[in-house]
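A.B. asks: Could you have a look at this structure, given as structure tokens, before my questions?
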Amino acid sequence: MTAPLLDVENLTVRLAQGRAARPVLHGVSLHVAQGEAVGLVGESGSGKSVTCRAALGLLPEGAAATGALRLDGDDVLTMSPARLRELRRQDVSMVFQDPRASINPLRRIGDFVTEGMRAGGVPRKDALRRAAELLESVGIREPRAALRRYPHEFSGGMLQRVMIAGALAGEPRLLLADEPTTALDVTTQAEVISILTRLQAERGMGMLFVTHDLELAAAICDRIYVMYAGRIVESQTAEGLFGRPRHPYTTGLLAATPRLESDRAPRGVPGRPLSLAEAPDGCAFAARCAHALPRCGEGEPAPRDIEGAQVACLRAEELIHD
Amino acid sequence: MAGLLLRRAGGIAVTLLVTSFLVFGSVHLAPGDPASFLLGGRSASPAAVAAIKEQYHLNDPFLVQYAKWIGGVVTGDFGKSAQFRQDVAGLVMARLPTTLWLIGYAALLIVIGGLAFGAVAALRRGVVDRLVLVGTGIATATPSFVAAIGLISLFSVQLGWFPAFGNGSGLGDRVHHLTLPAAALALTFVGLLARVTRTAMLEELGREHVEVARSRGVPGSDVVRRHVLRNALGPISTVTGTVVAGLLVATSIVETAFGLSGVGQLLVSSVTVKDFPVVQAVSLLVVLAFVTANLVVDLLHPLIDPRLTRPKGGTA
Ligand SMILES: Nc1ncnc2c1ncn2[C@@H]1O[C@H](COP(=O)(O)OP(=O)(O)OP(=O)(O)O)[C@@H](O)[C@H]1O
Ligand SMILES: [Mg+2]
């Protein structure tokens, strides 16, 4: 296998703001290859967004990171500010959750889409021409006119397409999508997802797709990482995860996903999600786990390779659910 | 747009009419016999008193007096000053240039100083921010006559850099003469605008689109200019408009302190000798300034925030 496009190795992020100091990510390792769609799934507060933003070199204010986060071998964590800006303009870009909040409401759509290109020195005319092409490729009609309009003149779904166009402007090799459809209504969600996956495939970009919807992740991703309390607890292929979830938390998440074909009501994962700071020694999920043993509380379970899946659970072999 | 302007002009006319009535009424209701004030306390023959009463229509009922006055005002006739025995309009017009220069100069200092200090405080949290907060706190609390005395004793008496007195003539000389008065006039409002700017920018700095812009590789200075300062312009322009209109009132103290013969000083001297026609005219001018500033700010706002004019709604 060639070196992955994005390679996160043992990434630990601590918030270090006086009394609020606490860890938010612990030993996260993941990778995304060129052209591969990878899902990152977990409950609210598990650290999905922090992981995503770290790939852009954006850490919470005053946070300290250890480990490595490499894009094509270059460590993002140690880049100079100038190199980091270049990375953000050309190599990695992100589609954010709420387009209404993420696009400046007082500036034109054209200003938004061309902003990165302009910062990279592309002349205004060329940038606008390119922006119109991009708007067209995300399915916005009359792209030339749209460039001169303002965000409030667009619906949420259209604005998310604008955001995608803006993210593609620098021809990135890696696209980060942080819950890109959570703020949209159901019908527009499907449209935006199909645009995103089509463009990802057409352009051969790597994509890290963040969601708390395991089913959605399985539908569009090749591989999926499951995150709990700032740690990766399981990773395997989408089919593998659905067919044979190894970690009790994954099993719980799957049971919590509403299924159309079943009339069984979804069961939520019992208990409340923990943040990493609250997590005790040992397995962070132990307190909510139906299969926890006393030794689960003793040491943090290391991820182990089980038939192609990485699982951080002491009892993974015993608990395979078919 | 034309319709809007027309409606606004109508609104301004109504505002001016109502305030003119209030101004006239309050001057009329001031205690004491207007005739004796007009005579400046001198004892006069009954014939002279009668002549004065006749000239200022003091024998007519209040509403008739008002009607006669406002009738003159709309044709540009504000009456005669009792103090100077001159047309009020000419008196005010002669003093207006000095005052406008002073206000313009002070407004420039307020905008530059307010934006600079406010932006620095918002962007450099910590020691710099606290210094600016303390400084603007002191500036806001300093009355302009105190500032005037301080500036005169330092820059005029001790260092001899600027004159302490007089209007000056010609551009350079004028600016030289008006520097200390403008600084004294601006000080309080620099503090005010700096605080408004700081708060507005801090609020905008926390917005998601600011972080998104950074995440797209836009250099920090462009992010501040195009997202933070740009989006903070709403409150900044509102406060600036009100402050600049209010400068006309604030000039009275500064013009008196620096011996400038402007409208503010005219107001002060007219109030002391109860020169009613002048007081009424200057009061109307103050109202006009506020109304105009409001209009300018209201016309600017849709340019600052397109959501105020453009239709809303999802399209295509
Ligand atoms: N800028 C920040 N300052 C302080 N704490 C932060 C910051 N960003 C994230 N955190 C904390 O880090 C933890 C992980 O947050 P993160 O946003 O990555 O969760 P998430 O998995 O994306 O959740 P969600 O599904 O709600 O988006 C949370 O406990 C959160 O409070
Ligand atoms: Mg998130």
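The values are calculated or read from the model by the stated rules, or taken from the named source; none is laboratory data. Here the structure is a predicted model, which means the values were calculated and not measured. Note that each Cβ is placed from the backbone with ideal geometry, even for glycine, and that neighbours are counted across all protein chains shown. What goes into the accessible areas is simple: the full protein's heavy atoms, side chains included, and nothing from ligands, DNA or RNA. Shrake-Rupley method; radii C 1.70, N 1.55, O 1.52, S 1.80 Å.
A.B. asks: Residues B:Leu233, B:Leu267, B:Leu247, B:Leu299: which one is of a type in the set (A, V, I, L, M, F, W, C) and either part of a loop (DSSP other than H, G, I, E, B) or surrounded by fewer than 16 Cβ atoms within 10 Å (Cβ to Cβ) (or both)?
C.D. replies: B:Leu299
A.B. asks: While we're looking at this one, here's another question. Please specify each residue of region B:121-145 satisfying the condition of being loosely packed, with under 15 Cβ neighbours inside 10 Å and either farther than 15 Å from B:Val190 by Cα or not assigned by TED's automatic domain parsing to the domain that holds B:Val228 (or both).
C.D. replies: B:Arg124, B:Arg125, B:Gly126, B:Val127, B:Val128, B:Arg130, B:Phe145
A.B. asks: Ok, one more. Filter region A:128-143 down to the residues that are closer than 23 Å to A:Pro105 by Cβ and within 13 Å of another protein chain (Cβ to nearest Cβ), then identify the one that is nearest to the chain's Cα centre (by Cα).
C.D. replies: A:Val138
A.B. asks: Identify all residues within region B:44-87 that are more than 28 Å from B:Val268 (Cβ to Cβ) and either in a loop (DSSP other than H, G, I, E, B) or touching a Leu at 6+ places or on another chain (Cβ under 7 Å) (or both); write none if there are none.
C.D. replies: B:Ser45, B:Asn59, B:Asp60, B:Pro61
A.B. asks: Something else now. Take the residues of region A:169-227 that are of a type in the set (Gly, Ala, Ser) and open to solvent by 40 Å² or more (accessible area, probe 1.4 Å): which is nearest to ligand 1 (Cβ to nearest atom)?
C.D. replies: By that ranking, first place goes to A:Ala183.
A.B. asks: In addition: So which of B:Leu159, B:Leu154, B:Leu185 is assigned by TED's automatic domain parsing to the domain that holds B:Leu233, at negative phi and touching a Leu at 6+ places or on another chain (Cβ under 7 Å)?
C.D. replies: B:Leu185
A.B. asks: If you scan region A:42-52, which residues turn out to be near ligand 2 (Cβ under 9 Å from one of its atoms) and either within 11 Å of chain B (Cβ to nearest Cβ) or of a type outside the set (Ser, Thr, Tyr) (or both)?
C.D. replies: The answer is A:Gly45, A:Gly47, A:Lys48, A:Val50, A:Cys52.
A.B. asks: Has region B:29-43 got at least one residue that is open to solvent by 80 Å² or more (accessible area, probe 1.4 Å), out of contact with any strand residue (DSSP E or B) (no Cβ under 6 Å at 6 or more places or on another chain) and modelled with pLDDT of 75 or more?
C.D. replies: No, that holds for no residue.
A.B. asks: I want to confirm something. Restricting to region A:254-306 and keeping residues that are among the aliphatic types (A, V, I, L, M) and within 16 Å of ligand 1 (Cβ to nearest atom), which single residue is modelled with the highest pLDDT?
C.D. replies: That would be A:Ala284.
A.B. asks: Still on this structure: Mind telling me which of the residues A:Leu11, A:Leu15, A:Leu40 ends up being open to solvent by less than 60 Å² (accessible area, probe 1.4 Å) and either within 30 Å of A:Gly156 (Cα to Cα) or acidic (Asp, Glu) (or both)?
C.D. replies: A:Leu40
A.B. asks: In region A:105-117, which residues are within 19 Å of A:Arg88 (Cβ to Cβ), facing another protein chain (nearest Cβ under 8 Å) and open to solvent by less than 20 Å² (accessible area, probe 1.4 Å)?
C.D. replies: If the condition is that a residue be within 19 Å of A:Arg88 (Cβ to Cβ), facing another protein chain (nearest Cβ under 8 Å) and open to solvent by less than 20 Å² (accessible area, probe 1.4 Å), then A:Glu115, A:Gly116 are the ones that fit.
A.B. asks: Next question. Do you know which residues across region A:18-37 are open to solvent by 10 Å² or more (accessible area, probe 1.4 Å) and more than 12 Å from A:Gly230 (Cα to Cα)?
C.D. replies: Result: A:Gly18, A:Arg19, A:Ala20, A:Ala21, A:His31, A:Ala33, A:Gln34, A:Gly35, A:Glu36.
A.B. asks: Please pick out the residue among A:Leu56, A:Leu87 that is within 16 Å of ligand 2 (Cβ to nearest atom), closer than 30 Å to A:Gln236 by Cβ and open to solvent by less than 40 Å² (accessible area, probe 1.4 Å).
C.D. replies: Exactly one residue qualifies, and that residue is A:Leu56.
A.B. asks: Something else about it: If I go through region B:121-168 residue by residue, how many of them are in contact with a Phe, Trp or Tyr (Cβ under 6 Å, 6 or more places away or on another chain) and of a type in the set (Gly, Ala, Ser)?
C.D. replies: Qualifying residue count for the region: 1.
A.B. asks: Within region A:202-230, track down each residue that is away from ligand 2 (no atom under 16 Å from the Cβ) and either in contact (Cβ under 8 Å) with a residue 60 or more places away in the chain or more than 18 Å from A:Val92 (Cα to Cα) (or both).
C.D. replies: A:Gly204, A:Met205, A:Gly206, A:Met207, A:Glu215, A:Ala218, A:Ala219, A:Ile220, A:Cys221, A:Asp222, A:Arg223, A:Ile224
A.B. asks: Just checking, which of A:Gly139, A:Gly120 is surrounded by fewer than 21 Cβ atoms within 10 Å (Cβ to Cβ) and on the phi > 0 side of the Ramachandran plot?
C.D. replies: When all the criteria are applied, what remains is A:Gly139.
A.B. asks: Okay, moving on. Only one of these conditions is not met by A:Glu239: (1) at pLDDT 80 or above; (2) open to solvent by 20 Å² or more (accessible area, probe 1.4 Å); (3) of a type outside the set (S, T, N, Q); (4) within 16 Å of ligand 2 (Cβ to nearest atom). Which number is it?
C.D. replies: (4)
A.B. asks: Also, I was wondering about something else. Being crowded, with 18+ Cβ neighbours inside 10 Å and free of Cβ contacts under 8 Å to residues at least 12 places away in the same chain is the filter here; which residues of region A:144-154 pass it?
C.D. replies: A:Glu153
A.B. asks: Shifting gears a bit: Residues of region B:195-230 being in contact with a strand residue (DSSP E or B) (Cβ under 8 Å, 6 or more places away or on another chain) and open to solvent by 10 Å² or more (accessible area, probe 1.4 Å), which ones?
C.D. replies: B:Arg216
A.B. asks: Could you grab the pairs with beta carbons closer than 8 Å, sequence gap of 6+ or different chains, first residue in region A:40-57 and of a type in the set (Gly, Ala, Ser), second one near ligand 1 (Cβ under 8 Å from one of its atoms) and part of a helix (DSSP H, G or I)?
C.D. replies: Correct list of pairs: A:Gly42/A:Lys48.
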